[in-house]
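Take a look at the structure set out below.
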Amino acid sequence: MKHQKETRTRYMTQMALLIAVIFLMAFTPLGYLRTPVLSITFLPVPVAVGAMLLGPRGGAVCGLAFGLTSFMQSFSGSGLGAVLLGLNPVGAAVTCIVPRILEGLLCALVFQAVRKISKKGAYYAASLACPLFNTLLFMSALLLIFYDTEYMQNLARSLGVLNPLALAAVLVGVQGLVEAGVCFLVASAVSRALCAARETDG
(Lines give C-alpha, C1' and ligand atoms only; values in the text may rest on other atoms or scores of the structure.)
Protein backbone atom coordinates (compact mmCIF):
# COMPACT_ATOMS: atom_id res chain seq x y z
CA MET A 1 0.00 0.00 0.00
CA LYS A 2 2.78 2.39 0.94
CA HIS A 3 4.69 1.50 -2.22
CA GLN A 4 1.62 2.17 -4.37
CA LYS A 5 1.13 5.56 -2.72
CA GLU A 6 4.79 6.47 -3.30
CA THR A 7 4.56 5.37 -6.93
CA ARG A 8 1.44 7.45 -7.51
CA THR A 9 2.99 10.46 -5.79
CA ARG A 10 6.09 10.19 -7.96
CA TYR A 11 3.91 9.81 -11.07
CA MET A 12 1.90 12.94 -10.26
CA THR A 13 5.05 14.88 -9.39
CA GLN A 14 6.70 13.95 -12.67
CA MET A 15 3.56 14.87 -14.60
CA ALA A 16 3.32 18.24 -12.84
CA LEU A 17 6.96 18.99 -13.59
CA LEU A 18 6.55 18.14 -17.27
CA ILE A 19 3.43 20.31 -17.54
CA ALA A 20 5.36 23.15 -15.91
CA VAL A 21 8.19 22.66 -18.42
CA ILE A 22 5.68 22.76 -21.30
CA PHE A 23 4.15 26.04 -20.09
CA LEU A 24 7.59 27.52 -19.43
CA MET A 25 8.79 26.62 -22.90
CA ALA A 26 5.56 27.78 -24.54
CA PHE A 27 5.75 31.31 -23.16
CA THR A 28 9.50 31.86 -23.40
CA PRO A 29 11.93 31.68 -26.33
CA LEU A 30 12.84 28.13 -25.22
CA GLY A 31 9.78 26.64 -26.89
CA TYR A 32 9.86 28.22 -30.32
CA LEU A 33 12.30 29.30 -32.97
CA ARG A 34 10.50 32.09 -34.78
CA THR A 35 11.63 33.50 -38.11
CA PRO A 36 9.82 35.83 -40.53
CA VAL A 37 8.65 32.73 -42.41
CA LEU A 38 8.62 29.80 -39.98
CA SER A 39 7.62 29.07 -36.39
CA ILE A 40 9.43 25.92 -35.30
CA THR A 41 8.25 24.42 -32.01
CA PHE A 42 10.29 22.29 -29.62
CA LEU A 43 7.30 21.41 -27.43
CA PRO A 44 7.01 17.86 -28.80
CA VAL A 45 10.16 17.14 -26.76
CA PRO A 46 8.54 17.28 -23.29
CA VAL A 47 5.41 15.64 -24.70
CA ALA A 48 7.50 12.72 -25.97
CA VAL A 49 9.36 12.48 -22.66
CA GLY A 50 6.05 12.44 -20.81
CA ALA A 51 4.65 9.77 -23.10
CA MET A 52 7.66 7.50 -22.57
CA LEU A 53 8.01 8.16 -18.86
CA LEU A 54 4.33 8.20 -17.85
CA GLY A 55 2.54 6.07 -20.44
CA PRO A 56 -0.52 6.80 -22.62
CA ARG A 57 -2.46 8.78 -20.01
CA GLY A 58 0.57 10.90 -19.11
CA GLY A 59 1.37 11.42 -22.77
CA ALA A 60 -2.20 12.56 -23.46
CA VAL A 61 -2.11 14.99 -20.51
CA CYS A 62 1.21 16.46 -21.67
CA GLY A 63 -0.23 16.75 -25.16
CA LEU A 64 -3.25 18.53 -23.71
CA ALA A 65 -0.94 21.02 -21.98
CA PHE A 66 0.85 21.63 -25.30
CA GLY A 67 -2.49 22.13 -27.07
CA LEU A 68 -3.79 24.52 -24.44
CA THR A 69 -0.68 26.70 -24.67
CA SER A 70 -0.98 26.70 -28.45
CA PHE A 71 -4.62 27.81 -28.25
CA MET A 72 -3.82 30.43 -25.62
CA GLN A 73 -1.22 31.94 -27.95
CA SER A 74 -3.95 32.38 -30.56
CA PHE A 75 -5.20 35.30 -28.47
CA SER A 76 -1.92 37.16 -28.93
CA GLY A 77 -3.28 38.81 -32.08
CA SER A 78 -0.52 37.60 -34.39
CA GLY A 79 0.41 34.43 -36.28
CA LEU A 80 -1.64 31.66 -37.82
CA GLY A 81 -3.43 30.87 -34.55
CA ALA A 82 -4.87 34.38 -34.35
CA VAL A 83 -6.12 34.10 -37.94
CA LEU A 84 -7.78 30.74 -37.23
CA LEU A 85 -9.35 32.13 -34.05
CA GLY A 86 -10.88 34.95 -36.07
CA LEU A 87 -12.24 32.57 -38.68
CA ASN A 88 -13.69 29.91 -36.38
CA PRO A 89 -12.96 29.92 -32.62
CA VAL A 90 -14.25 26.39 -32.05
CA GLY A 91 -12.34 25.10 -35.06
CA ALA A 92 -9.20 26.85 -33.81
CA ALA A 93 -9.55 25.19 -30.39
CA VAL A 94 -10.03 21.77 -31.96
CA THR A 95 -7.07 22.27 -34.31
CA CYS A 96 -4.75 23.39 -31.51
CA ILE A 97 -5.77 20.92 -28.81
CA VAL A 98 -7.10 17.61 -30.16
CA PRO A 99 -4.09 16.74 -32.39
CA ARG A 100 -1.71 17.36 -29.48
CA ILE A 101 -3.67 15.06 -27.13
CA LEU A 102 -3.56 12.33 -29.77
CA GLU A 103 0.13 13.05 -30.38
CA GLY A 104 1.04 12.26 -26.77
CA LEU A 105 -1.26 9.24 -26.59
CA LEU A 106 -0.02 7.69 -29.84
CA CYS A 107 3.61 8.39 -28.98
CA ALA A 108 3.20 6.38 -25.76
CA LEU A 109 1.55 3.53 -27.64
CA VAL A 110 4.41 3.46 -30.16
CA PHE A 111 6.89 3.37 -27.29
CA GLN A 112 5.11 0.48 -25.60
CA ALA A 113 4.79 -1.48 -28.85
CA VAL A 114 8.43 -1.08 -29.94
CA ARG A 115 9.70 -1.69 -26.40
CA LYS A 116 8.48 -5.30 -26.69
CA ILE A 117 10.97 -5.75 -29.53
CA SER A 118 13.79 -3.37 -28.65
CA LYS A 119 14.07 -1.49 -25.37
CA LYS A 120 16.65 0.95 -26.70
CA GLY A 121 14.98 1.32 -30.07
CA ALA A 122 11.68 2.25 -28.42
CA TYR A 123 13.13 5.56 -27.23
CA TYR A 124 14.26 6.50 -30.73
CA ALA A 125 11.03 5.34 -32.38
CA ALA A 126 8.80 7.27 -29.98
CA SER A 127 11.01 10.38 -30.09
CA LEU A 128 10.69 10.46 -33.86
CA ALA A 129 7.01 9.50 -33.88
CA CYS A 130 5.96 12.35 -31.57
CA PRO A 131 6.90 15.30 -33.83
CA LEU A 132 5.68 13.39 -36.89
CA PHE A 133 2.31 12.82 -35.23
CA ASN A 134 2.26 16.49 -34.25
CA THR A 135 2.80 17.61 -37.82
CA LEU A 136 0.50 15.05 -39.44
CA LEU A 137 -2.41 15.47 -37.02
CA PHE A 138 -2.18 19.27 -36.79
CA MET A 139 -2.04 19.70 -40.56
CA SER A 140 -4.89 17.21 -41.03
CA ALA A 141 -7.10 19.13 -38.60
CA LEU A 142 -6.08 22.47 -40.11
CA LEU A 143 -6.93 21.43 -43.65
CA LEU A 144 -10.06 19.52 -42.69
CA ILE A 145 -11.55 22.48 -40.84
CA PHE A 146 -10.09 25.49 -42.63
CA TYR A 147 -9.09 24.50 -46.19
CA ASP A 148 -12.29 25.85 -47.74
CA THR A 149 -11.96 29.25 -46.07
CA GLU A 150 -10.99 32.28 -48.13
CA TYR A 151 -7.77 32.69 -46.13
CA MET A 152 -6.51 29.18 -46.89
CA GLN A 153 -7.57 29.38 -50.52
CA ASN A 154 -5.72 32.66 -50.95
CA LEU A 155 -2.67 31.14 -49.23
CA ALA A 156 -2.77 28.14 -51.55
CA ARG A 157 -2.98 30.37 -54.62
CA SER A 158 -0.13 32.57 -53.40
CA LEU A 159 2.03 29.45 -52.97
CA GLY A 160 1.02 28.08 -56.35
CA VAL A 161 -0.50 24.83 -55.06
CA LEU A 162 -3.77 23.32 -56.18
CA ASN A 163 -4.73 20.72 -53.58
CA PRO A 164 -4.64 20.19 -49.79
CA LEU A 165 -1.79 17.66 -49.84
CA ALA A 166 0.45 19.99 -51.82
CA LEU A 167 -0.38 22.86 -49.48
CA ALA A 168 0.44 20.71 -46.44
CA ALA A 169 3.79 19.71 -47.96
CA VAL A 170 4.71 23.33 -48.62
CA LEU A 171 3.67 24.51 -45.17
CA VAL A 172 5.51 21.71 -43.35
CA GLY A 173 8.74 21.68 -45.34
CA VAL A 174 11.88 22.56 -43.38
CA GLN A 175 9.86 23.24 -40.23
CA GLY A 176 8.76 19.62 -39.87
CA LEU A 177 12.26 18.28 -40.52
CA VAL A 178 13.86 20.52 -37.87
CA GLU A 179 11.19 19.65 -35.28
CA ALA A 180 11.61 15.92 -35.98
CA GLY A 181 15.40 16.10 -35.77
CA VAL A 182 15.47 18.03 -32.49
CA CYS A 183 12.89 15.82 -30.80
CA PHE A 184 14.59 12.65 -32.04
CA LEU A 185 17.91 13.66 -30.49
CA VAL A 186 16.82 15.43 -27.31
CA ALA A 187 13.75 13.45 -26.24
CA SER A 188 15.42 10.08 -26.72
CA ALA A 189 18.44 11.10 -24.62
CA VAL A 190 16.40 12.74 -21.84
CA SER A 191 13.82 9.96 -21.58
CA ARG A 192 16.47 7.23 -21.48
CA ALA A 193 18.29 9.05 -18.68
CA LEU A 194 15.12 9.63 -16.67
CA CYS A 195 13.85 6.08 -17.08
CA ALA A 196 17.26 4.71 -16.08
CA ALA A 197 17.29 6.92 -12.98
CA ARG A 198 13.79 5.77 -12.06
CA GLU A 199 14.76 2.11 -12.39
CA THR A 200 17.84 2.71 -10.24
CA ASP A 201 15.71 4.30 -7.55
CA GLY A 202 13.44 1.25 -7.63
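The values are calculated or read from the model by the stated rules, or taken from the named source; none is laboratory data. Small disclaimer: the values here were computed from a predicted structure and weren't measured. Using ideal geometry, Cβ is built from the backbone for each residue, glycine included, and neighbour counts are taken over all protein chains shown. Please note that ligands, DNA and RNA were not included when accessible areas were found on the heavy atoms of the full protein model with its side chains. Shrake-Rupley method; radii C 1.70, N 1.55, O 1.52, S 1.80 Å.
Sort 87-97, 141-151 by packing, meaning the average of other beta carbons within 10 Å per residue, with the highest value first.
Highest to lowest by the protection proxy: 87-97, 141-151.
When all C-alpha to C-alpha distances in region 15-109 are sorted into bins of 10 Å, what percent of pairs does each bin hold, rounded to whole numbers?
The calculated distribution, bin by bin, is 19, 47, 29, 5.
Please turn the phi angles of region 159-174 into ³J(HN,Hα) values with the Karplus equation 6.51 cos²θ - 1.76 cosθ + 1.60 (θ = phi - 60°), one per residue in order, whole Hz, x for glycine and proline.
Values per residue, Gly and Pro as x: 8, x, 10, 10, 8, x, 5, 5, 5, 4, 4, 5, 5, 6, x, 5 Hz.
In what order, largest first, do Ile22, Ile101 sit by accessible area if the probe radius is 1.4 Å?
Greatest to least solvent exposure: Ile101, Ile22.
Could you state the angle between the C-alpha long axis of helix 2-26 and the longest principal axis of the C-alpha atoms of the chain, as a value from 0 to 90 degrees rounded to the nearest 10?
30 degrees
Restricting to Cα pairs below 8 Å that are 6+ residues apart, what does the relative contact order work out to for the chain? Please round to a whole percent.
Relative contact order comes out at 22 percent.
What are the residues whose amide H is under 5 Å from the amide H of Gly31, where those residues sit 5 or more places off or on another chain and H is modelled from the backbone?
Answer set, sorted by chain and number: none.
What chymotrypsin sites (Phe, Trp or Tyr not before Pro) does region 23-64 have in DSSP loop regions with at most 15 other beta carbons within 10 Å?
Counting only loop positions with at most 15 other Cβ atoms within 10 Å, the chymotrypsin sites (Phe, Trp or Tyr not before Pro) in region 23-64 are Phe27.
With each run of n ≥ 4 DSSP H residues scored as -39500 (n - 2.57), what mean residue ellipticity at 222 nm is computed for the chain after dividing by its residue count and rounding to the nearest 500 deg cm²/dmol?
-29000 deg cm²/dmol
Could you pull out every one of the aspartates and glutamates with an alpha carbon less than 16 Å from that of Lys5, ignoring same-chain neighbours closer than 8 positions?
Reachable aspartates and glutamates: Asp201.
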